[in-house]
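Each remark here refers to the structure printed beneath this line.
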Amino acid sequence: MTLQERFHWVVRMSLMLFILASAAFLSALTAMRYAVQGREVEMPNLAGKSAAEAQQLLQSRRLGMKVEDRQYGSLAIDHVVRQSPPPETTVKTGQLAHVVLSLGPRKQTMPVLENRSVRAARIELLQSGLQMGEVSSAFLPGTEDETVLLQDPRPGSSDVTSPHVNMLVSLGSRPAAYVMPDLIGLALNEAITRLNGAGLKIAKITNAAAPGAVGGSVIAEVPARGHPVDANSIIELQIAQ
């Protein structure tokens, strides 16, 4: 075989190997694409179906179901009111459909919770077949701590669609605010007197070696000098041994 023939033979073999490798790569890519598509399904329409029917339909497509909430409505009890993801959405197998189920039709008159303690409000809701929703809190002068200030839905309202009642609860009057005094170098007794005079209390005292510092004097304070504090602040002092 001449050098030229050998060269042409090498070129042909290289071209053939390239074609075979390309075909194998395209075949693997196509197989992977079909495998991925095989793990994707279309989310069915669950609205109006019973929870059992919805779960059975989802399982047939290798999907699951999670109940996120319940609400009153025209549908019968335990029927799907709405869902997420919406119908006809392409999802992967194993994904959960998040649904809201119906509590059935009910004309509920909302009890009066305002100006009652949170504990009393919770008991009233349980007795009425309702549930506590979101609870927000705020300082309000002249009110007692843990008292319901506002509620949503409002007292006496009817045609309630959700069993959840949101409340705004009082934290009482806002504690008086102070600025952390400079206690470094003071004797412990003097530091305690100054803090008590401002309505503040020490939560923790630790001793530490401090060469050059007067024994029994404050060498560190938390929060630091000038930091905003109130009667509920945790104050720590470190005292020289």
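Here, each number is a calculation from the coordinates, and none is a lab measurement. Remember, it's a predicted structure, so these values are computed and weren't measured experimentally. Don't worry about glycine lacking a Cβ; one is built from the backbone with ideal geometry, like all the others, and counts go over all protein chains shown.
Table for the structure above
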quantity	calculated
Candidate aspartates and glutamates - alpha carbon under 14 Å from residue 204, same-chain residues fewer than 8 apart omitted	221, 236
Cut-off under 5 Å, modelled amide H: who pairs with residue 64 long-range	94, 95, 96, 97
Alpha carbon convex hull of the stretch 42-102, volume per residue in cubic angstrom	59 Å³
Most fluctuating residue given options 224, 47, 138, as computed from a GNM of the chain linking Cα atoms under 10 Å	224
Mean projection area, nm², convex hull over Cα of the chain	31.6 nm²
Label-zone membership for the stretch 121-150, site residue 115, 7 angstrom Cα→C-beta point, backbone N under 20 Å	121-125, 138-150
Per-residue [θ]222 nm for the chain (sum of -39500 (n - 2.57) over DSSP H runs n ≥ 4, rounded to 500)	-9000 deg cm²/dmol
Relative contact order (%) - criterion: Cα under 8 Å, at least six apart; region: the chain	13 percent
Hydrodynamic radius (Kirkwood) for the stretch 63-178, which is based on Cα pairs only, to one decimal in Å	16.4 Å
Computed over the stretch 118-170, Kirkwood Rh from alpha-carbon pairs, angstrom	11.6 Å
Percent of C-alpha pairs per 10 Å bin, the stretch 177-240, short to long	25, 57, 17, 1
